[in-house]
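This report refers to the structure that appears directly beneath it.
The values are calculated or read from the model by the stated rules, or taken from the named source; none is laboratory data. Computed from a predicted model, the values in this text were never measured in an experiment. Please note: Cβ atoms are built from the backbone with ideal geometry, for glycine as well, and neighbour counts cover all protein chains shown. Please note that ligands, DNA and RNA were not included when accessible areas were found on the heavy atoms of the full protein model with its side chains. Shrake-Rupley method; radii C 1.70, N 1.55, O 1.52, S 1.80 Å.
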Amino acid sequence: MRFVFFVSTMALTAVTSISTAFQFKRPRSNLSCKNLEISIQKMTNGAVLAGIMSMGSLCLTGNSIPLVPVAFAMDKETPRLVAVKSTSLTMGSTAMEDDQNIVWNLGNGEVRLPNPLLLDNHNGLTLQNPRLLGSGGGGAVFAFQRRSAIVDSSSSSSKSSDATRASTTGNKERDVAVKVSWLRSTASVKKECLVLQTLEERHVASGVERCLYSGPYLNDARRQLIIMEPVVEDTVASIDQVPSPQNQAISVQCVMRTLIQMLAARVVTTDVQPLISRQTGEVLFIDMTEAEILPAPETNEPLSFINVALTSNFCVEMLALIPESFYTLASDTLIEELKALDDGLPLSSEMLDILSGQTIFTKEALDFIETKLNSV
């Protein structure tokens with residue numbers, strides 16, 4: 001059995017520096033005893049942090065703010081560090097690993113996941129080496145390394161799609177996100193996967209996740225587990241925070257492209273949550289638990305008053321991401337995307353009317369929307 005616990009330091013860059021920075025208290029008996037305690041002291045920015053680890057749980061005390069979470073695995077045979085890796089950590093969480101599972105004790109509850117994680121052999125799904133990305137009211141999200149191609153249980157075509165993606169990324173398997181609901185959020189997590197699958201069916205090609213799997217959580221069938229891709233890290237929440245102006249322009253185009261494609265697919269959401277790549281400017285919108293699937297475009301069913309309000313709010317939130325210096329680029333991208341819809345399902349008159357009321361667009365873009373309105 002290995003005990004995994006978390007401690008934060010300002011900067012840890014090598015195993016040698018870590019091993020010399022910690023002092024281990026001699027346990028009362030061997031390391032497998034139930035009351036194992038290891039005292040850890042680390043001078044961080046003038047403040048002493050002390051940790052007591054008991055059966056995998058670590059309590060930190062001190063007056064400094066933990067900045068860089070680092071995970072340590074403790075071998076049961078000798079008090080030495082056997083693994084060190086950076087990890088995303090929701091502060092206040094603890095994790096314990098045994099021969100079968102890794103267990104996270106989070107603010108909203110417990111998550112227990114095997115490593116490797118195998119789901120439905122006919123899906124060809126093998127995931128390994130989980131790391132916690134974050135936890136909130138909707139559930140806990142983990143990144144897993146994918147060891148083999150995933151086939152979507154709802155479509156046999158996913159196998160060839162994954163093969164195509166693998167050929168463009170070399171031999172390296174891409175990480176996937178595993179989200180586990182709490183009891184109270186089971187319905188919303190199920191809905192999130194349904195929304196993402198609907199977006200895929202309605203040809204939203206960029207800016208949103210793809211749901212690969214949805215099924216009961218392994219340790220409690222009342223909870224839900226979904227698997228999504230891609231996992232995007234090193235992100236910011238604002239376009240202004242992207243270092244390169246060229247990549248900021250890419251972010252603006254991504255936002256506009258996703259906005260128009262989602263409107264055409266008749267899927268809108270509130271509480272827009274963008275992950276913007278610091279390196280490329282690409283934007284991924286996550287957490288579609290609050291999204292609404294409006295009547296299918298081909299039904300030509302008018303939007304209800306509530307759906308008009310939801311759509312208007314979605315447009316306002318998306319366009320609020322655009323810095324004022326990029327309003328002209330946003331307008332040009334809007335025109336391009338509306339033209340691209342001519343070969344598919346155009347926006348309804350209600351949606352065009354909502355867009356025409358937005359103040360960030362240039363006169364040329366507003367005139368183009370008016371032309372579209374007159375042709376509906």
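For region 175-189, the condition of being under 24 Å from residue 315 (Cβ atoms), modelled with pLDDT of 95 or more and open to solvent by 10 Å² or more (accessible area, probe 1.4 Å) holds for at least one residue. Against the test of being farther than 30 Å from residue 141 by Cβ, surrounded by fewer than 17 Cβ atoms within 10 Å (Cβ to Cβ) and not basic (Lys, Arg), the options 340, 309 yield a single qualifying residue, 340. Looking at 328, 333, just one residue is assigned to a helix (DSSP H, G or I), of a type in the set (Val, Ile, Thr) and open to solvent by 50 Å² or more (accessible area, probe 1.4 Å), and that residue is 328. Just a yes or no: is a residue in region 233-243 buried (at least 22 other Cβ atoms within 10 Å of the Cβ) and under 24 Å from residue 197 (Cα atoms)? Checked against the condition, which is being buried (at least 22 other Cβ atoms within 10 Å of the Cβ) and under 24 Å from residue 197 (Cα atoms), region 233-243 yields no hits at all. Here residue 192 clears all of (1) out of contact with any Cys (no Cβ under 9 Å at 6 or more places or on another chain); (2) open to solvent by less than 70 Å² (accessible area, probe 1.4 Å); (3) charged (D, E, K, R) except the condition numbered (1).
Applying a threshold of 8 Å to beta carbon distances and a minimum spacing of six or more residues, or different chains, the list of pairs starting in region 173-188 at a residue that is β-branched (Val, Ile, Thr) and ending at one that is part of a loop (DSSP other than H, G, I, E, B) reads 176/150; 176/230; 176/231.
Out of the residues in region 301-312 that are free of Cβ contacts under 8 Å to residues at least 40 places away in the same chain and of a type outside the set (Val, Ile, Thr), which is farthest from residue 264 (Cα to Cα)?
It comes out as 305.
If the condition is being charged (D, E, K, R), part of a loop (DSSP other than H, G, I, E, B) and in contact with a helix residue (DSSP H, G or I) (Cβ under 9 Å, 6 or more places away or on another chain), then region 287-317 contributes only 287. Residue-level analysis places residue 212 outside the set of residues that are at pLDDT below 95, part of a loop (DSSP other than H, G, I, E, B) and either open to solvent by less than 40 Å² (accessible area, probe 1.4 Å) or closer than 29 Å to residue 119 by Cα (or both).
For region 356-373, which residues satisfy the criterion of being charged (D, E, K, R) and open to solvent by less than 50 Å² (accessible area, probe 1.4 Å)? Before you say what the answer is, go through the steps one by one.
Kept after step one, since they are charged (D, E, K, R), are these residues of region 356-373: 363-364, 367, 370, 372.
Within region 356-373, just 372 meets the criteria.
Checked against (1) closer than 23 Å to residue 188 by Cα; (2) exposed (fewer than 14 other Cβ atoms within 10 Å of the Cβ); (3) β-branched (Val, Ile, Thr), residue 299 meets all criteria but (1).
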